[in-house]
Each structure stands twice: as C-alpha cells, then as structure tokens.
1. Look at region 451-468 and say how many of its residues are under 19 Å from Gln491 (Cα atoms) and either assigned to a loop (DSSP other than H, G, I, E, B) or under 41 Å from the mean Cα position of the chain (by Cα) (or both).
2. Are there any pairs, at least 6 apart or on different chains, whose C-beta atoms fall under 6 Å, with the first in region 439-450 and on the phi > 0 side of the Ramachandran plot and the second of a type in the set (S, T, N, Q) and buried (at least 21 other Cβ atoms within 10 Å of the Cβ), and if so, which?
3. Does Ile441 count as at pLDDT 95 or above, of a type in the set (Val, Ile, Thr) and in contact with a strand residue (DSSP E or B) (Cβ under 6 Å, 6 or more places away or on another chain)?
4. Find all pairs meeting these conditions: Cβ atoms under 7 angstrom apart; at least six residues apart or on different chains; first residue within region 86-111 and at negative phi; second residue exposed (fewer than 15 other Cβ atoms within 10 Å of the Cβ) and not in a helix (DSSP H, G or I).
5. Take the residues in region 1-34 that are touching a Phe, Trp or Tyr at 6+ places or on another chain (Cβ under 9 Å), touching a residue at least 40 places away in the same chain (Cβ under 8 Å) and outside any loop (DSSP other than H, G, I, E, B); name whichever of them is nearest to ligand 1 (Cβ to nearest atom).
6. Identify all residues within region 327-357 that are within 25 Å of Trp156 (Cα to Cα), surrounded by 16 or more Cβ atoms within 10 Å (Cβ to Cβ) and acidic (Asp, Glu); write none if there are none.
7. Among the β-branched types (Val, Ile, Thr), more than 15 Å from ligand 2 (Cβ to nearest atom) and modelled with pLDDT of 90 or more: is that true of Ile303 in this structure?
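The values are calculated or read from the model by the stated rules, or taken from the named source; none is laboratory data. Since the model is a prediction, treat every value here as computed from it, not as a measurement. Counting neighbours? That spans all protein chains shown, and the Cβs are built from the backbone with ideal geometry, glycine included.
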Amino acid sequence: MAQPAALRAILREIWGHTDFRGRQGEICAQLAAGGNALVLMPTGGGKSVCYQLPAISRHRAGLGVALVISPLIALMHDQVQALAELGVPAAFLNSTLTMEEADDIERQVRDDELVLLYAAPERVTTPRFLGLLGALAARRKLSLIAIDEAHCVSQWGHDFRPEYVALNVLTERFPDVPRVALTATADAHTREDILQRLSLADAPQFVASFDRPNIRYTLVDKHDGRNQLLAWIRAEHAGDAGIVYCLSRKKVEETADWLNEHGIKALPYHAGMDANTRRLHQDRFLNEDGLVMCATIAFGMGIDKPDVRFVAHLDLPRNIEGYYQETGRAGRDGLPADAWMAYGLHDVVQQRRMIDEGEGADAFKTVMRAKLDALLGLAEAADCRRVRLLAYFGEQSDPCGNCDNCLQPPATWDATEAAQKALSAIYRTGQRFGAGHITDILLGKATDKTRQFGHDKLPTFGAGRDLPESTWRSVLRQLIAGGAVGIGEYQSLLLTEEARPILRGELRLELRRDTKPVKPAKGARGT
Ligand code: ADP
Ligand code: ZN
C-alpha cells in the first residue's frame with residue numbers, strides 16, 4: 001500500500017507542491033489504501049488533490065480509472081484541462097459531447113487509458129453507464145469514486161439536485177470501491193444527509209476549518225445602500241479590486257454606472273448579458289488592477305483571483321452558505337480583506353416574500369425559511385459574527401477580534417415599549433398593511449391613507465413620535481428577523497405567536513441600536 005512518503009512524492013512530481021496542505025495527506029493515504037472518506041473543506045482549501053492524487057496512485061498500482069461525479073460542466077472542463085497540462089490522462093462525459101466523442105471516451109475507459117473520468121450525475125445512473133462501470137469493477141479496474149459537491153444530495157444543501165440521490169446505486173453495486181464525498185458547504189444537517197444517503201456513516205470525516213481569519217466581517221444597517229457603499233469604498237478600499245453583489249440585473253447595472261460616475265472603476269456582470277461581454281468583463285476583472293465587479297451571484301464560481309480586497313453585499317443573500325461562499329472570494333491571498341454588507345427592513349420583507357411566493361413544496365419552503373432565519377440571526381447579532389458563522393458549520397470558536405461587533409460592540413437598548421407600540425399598530429389596523437404605513441401611523445403622519453382608513457383616530461396614531469423614522473424601521477426589521485412579525489399578502493405585516501409575550505409584557509426585548517445614516521456622498525443623487 002502507498003506510504004505517505006510515496007504519496008508526497010507524487011504530489012511533488014505531478015503538481016510541484018512541496019507538501020500537503022492541512023489534512024490532504026491523511027485523506028490521500030486513506031483513499032489510496034482503499035478506504036472511504038467524507039471531506040469538508042472550504043473553497044480554495046485544495047479538495048481536488050484529495051481525490052486526484054489517490055487516483056494516480058491507484059492507477060499506477062494497476063487499479064484502473066477513478067470516476068469523479070461533478071454537477072458543473074464548466075468546472076469539469078477546467079479540471080480535465082488542468083490535468084492534461086499536468087500530464088495526467090483524464091476526460092469527461094457530459095451532454096456537451098457528440099455521440100462519437102462519447103463513444104471514443106468510453107473506449108479509452110475500457111482500454112484503461114484514463115486515470116480520471118469526470119461525469120455528470122444524471123449520466124452516471126443510466127443503465128448504459130452502470131453497465132460500463134460494472135464491467136470495469138468486475139476486472140478491478142474501477143479505482144475510486146469521488147462525489148464532488150456532495151451537499152447536492154441534501155435538501156438542506158442550498159443546491160439540492162435529485163440526480164444526486166440516485167447515486168446511492170453506486171454504493172449498492174460497488175461496495176468494495178473506495179468512495180469519497182467532498183463539499184465546501186455543509187452545516188450539521190447537510191453533513192448528516194450526506195453520510196446517510198451516500199452510505200458513509202462509518203467512514204472517517206476530514207473536516208477542515210472554515211475560518212478565514214483574514215476576512216473582517218461587517219454588517220451595517222441600510223439607509224441608502226449605494227451612498228453607504230461609496231463612502232465605505234472611498235474610506236477603506238480606494239483603488240482596490242472588489243466584488244459588489246446585488247440581487248437583480250437592473251441593480252447590478254445601475255450600481256456599476258453609479259460607481260463609475262463617482263470615480264470608482266466598475267463593471268457589470270449578470271446572466272442576462274451576452275456571453276462575449278461577460279467573458280470580457282471577467283477577463284478585465286482578473287487582469288486589471290483595482291476594478292470593482294458589480295454582479296449577481298452568477299459571477300464567482302470558479303473565479304480564482306487572489307487579491308480581491310473586498311466583497312460587498314447591497315442585498316441580503318438567501319442563506320449563510322451563499323453568504324460564506326460569496327464573501328469567501330475575498331482575500332484568497334491571505335492578506336487582510338473585507339466582507340461588508342448593508343441590509344435593511346426591505347431586504348427582510350423581500351426575502352421572506354420570495355420564499356413564500358416562490359416555487360417548491362412546503363417542506364422545501366420550511367427549509368428555506370429556516371436558512372433565511374439563520375442568516376438574519378447573523379445579521380442582527382450583537383456578538384461575534386465569526387463565532388456565529390463558524391457555529392453554523394458546526395465549528396466552535398472564540399470571539400475573533402476582527403469583526404464589526406468585536407471591534408466595536410454595538411449598543412443595545414430596551415425596546416420593549418417600542419415593540420409593543422409597533423405590534424399594537426399592526427394589530428389595530430387588522431394586520432393588512434405594510435411597514436411604511438405602520439411607520440406613518442406610529443409617527444402620526446396624516447397621509448391620504450391614514451385618513452382614508454380612519455387610522456388617524458387610533459390610539460397608536462402618533463404614539464411613536466418620540467423616536468425617529470429610522471428607529472421604527474429598525475424595530476420592525478428586528479421584529480421580523482426575530483420572528484414576532486410575519487409577512488402576509490402584499491407585504492402586509494402580521495403578528496405571530498411570538499408577538500404575544502411581548503405584547504403581554506412577559507418578555508423584555510433588547511434590540512441593537514441602529515448605526516447612524518451616512519451623509520450622502522458629494523455630488524451624489526438621491527436613490
Ligand atoms: P477547492 O477545490 O477546495 O476549491 P482546489 O483544489 O481548486 O480547491 O485548490 C485551490 C488552490 O490551492 C489551487 O490553486 C491549488 O493548486 C492549490 N493547492 C492545493 N493543494 C496544495 C498544496 N498541497 N500546496 C500548495 N498549493 C496547493
Ligand atoms: Zn468577531
């Protein structure tokens with residue numbers, strides 16, 4: 001069996017790396033020796049080596065080809081090309097190939113010419129492909145099965161793919177072939193699903209830390225997102241390369257235009273642009289200094305630019321996995337980098353609505369809501385962001401000293417009475433109105449709407465004049481994030497069970513004090 005020294009020799013020979021990183025060596029030894037494994041490693045941690053190296057080692061031992069299952073055609077393509085450059089024969093089978101090309105690759109597989117074969121999950125479970133694998137296994141020429149992006153097997157993963165569930169057929173048919181599942185995103189729930197569905201419960205788990213100590217996390221209250229972003233870039237990241245994530249294509253374009261107008265070189269990127277322009281913008285981002293990419297989440301997969309100094313979110317991501325993956329594109333070089341996000345009342349309402357009105361079965365929506373709640377918990381936290389982030393991935397840590405809350409502990413205030421006023425305004429208006437109208441009532445603003453519904457006659461009308469509008473928005477946001485206020489049709493606010501103890505005075509409510517709005521940038525139009 002392959003010894004660690006022999007494996008290290010392959011690492012040097014093929015990749016030219018001096019030594020293994022983290023637990024790569026242990027993982028390679030486990031697989032090269034024919035064992036199974038679960039590998040959890042953040043993006044950029046070096047997962048590919050973990051299965052490619054054992055594949056080479058076992059191929060040299062006469063054990064045939066390794067099967068790598070990957071859901072992303074573009075990534076498959078990149079990997080095969082990278083392996084070709086390293087002199088390792090590899091190929092992929094997916095829907096982009098012609099019949100002849102696919103036939104030729106199958107022949108190479110049968111003739112034991114390949115070290116690695118990449119395939120899409122839906123292809124793997126076809127009778128034809130299973131037949132091919134069966135013939136290989138019978139001759140002991142199937143060296144290893146690697147399942148990349150293994151979180152796709154779980155409904156809890158943010159990227160559930162039903163084709164992945166069917167992969168358990170591989171375990172049933174080829175129990176003796178070593179099997180490794182790899183992923184960069186796995187909270188405790190997802191991890192459990194992977195172990196179950198891919199029958200890896202008895203396999204050793206190799207869990208790398210998800211901590212990115214050089215990234216400073218900052219989440220601020222959004223008053224005027226664009227101006228806040230501009231002021232922050234000018235103050236902290238003038239001339240730096242960064243990524244600004246927005247939810248919509250329109251906002252991506254507007255934000256890029258606006259930054260350019262204010263002297264920050266920026267480019268848009270989203271799936272609605274034609275492929276050439278997208279490629280051009282991506283290349284410019286990779287090759288020029290100090291460009292800011294304004295993008296939807298369509299941008300970033302497979303982007304390996306080491307000196308991205310900041311990632312900013314102008315809208316709330318859908319969940320912590322997404323937030324972690326997007327912010328993780330900052331500071332790959334290990335130098336200080338920033339993850340900055342502005343979020344507000346509207347974001348919370350919008351994300352809740354998107355789930356409620358979106359596609360999918362109830363069980364799916366329940367999962368999505370729980371994931372959004374976890375992210376809101378992070379956003380509203382008054383304690384260390386990193387501790388919360390890592391806890392989500394099942395990792396315990398101490399306060400980091402390098403996030404906004406550690407560097408400047410947020411003030412909190414007893415918001416019990418304010419919350420009661422807000423909840424009562426929602427209740428007394430029949431739980432049919434949105435945050436704007438409720439705020440107007442609290443502030444005692446005589447608008448057409450308040451008059452039309454007779455809301456200017458309510459006892460709560462003007463009951464909140466002692467606090468500014470921004471505070472009321474903050475109170476409502478935190479009540480929604482905390483679950484005491486739900487969102488109904490047309491973004492109306494309604495009370496949940498959790499509102500009761502607050503209204504009854506049985507629960508004291510300690511809320512974050514809002515940060516001050518920034519002054520608009522010089523020459524900036526309002527938004
Ligand atoms: P992942 O798939 O986990 O995102 P990759 O396998 O793409 O990560 O590796 C990320 C980067 O780390 C690559 O540029 C790779 O060359 C580099 N790398 C991986 N292992 C090592 C190592 N042992 N020594 C030095 N660099 C490594
Ligand atoms: Zn911290």
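1. Here is the first cut: in region 451-468, the residues under 19 Å from Gln491 (Cα atoms) are 453, 455.
Adding the requirement that they be either assigned to a loop (DSSP other than H, G, I, E, B) or under 41 Å from the mean Cα position of the chain (by Cα) (or both) leaves 453.
So the answer is 1.
2. Listed pairs, sorted by first residue: none to list.
3. On the way: at pLDDT 95 or above: yes; of a type in the set (Val, Ile, Thr): yes; in contact with a strand residue (DSSP E or B) (Cβ under 6 Å, 6 or more places away or on another chain): no.
No: the conditions fail for Ile441.
4. Within 7 Å, the pairs are Pro89/Glu113.
5. Ranking the candidates gives Leu11 first.
6. Asp347
7. Values: among the β-branched types (Val, Ile, Thr): yes; more than 15 Å from ligand 2 (Cβ to nearest atom): yes; modelled with pLDDT of 90 or more: no.
Here the answer is no, as Ile303 does not meet what is asked.
Rundown of residues vs (1) within 27 Å of the chain's Cα centre (by Cα); (2) more than 16 Å from ligand 1 (Cβ to nearest atom), yes/no style:
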{"site": "Ser57", "(1), (2)": "no, no"}
{"site": "Ala61", "(1), (2)": "no, yes"}
{"site": "Gly64", "(1), (2)": "no, yes"}
{"site": "Val68", "(1), (2)": "yes, no"}
{"site": "Leu72", "(1), (2)": "yes, no"}
{"site": "His77", "(1), (2)": "yes, no"}
{"site": "Ala91", "(1), (2)": "no, yes"}
{"site": "Thr98", "(1), (2)": "no, yes"}
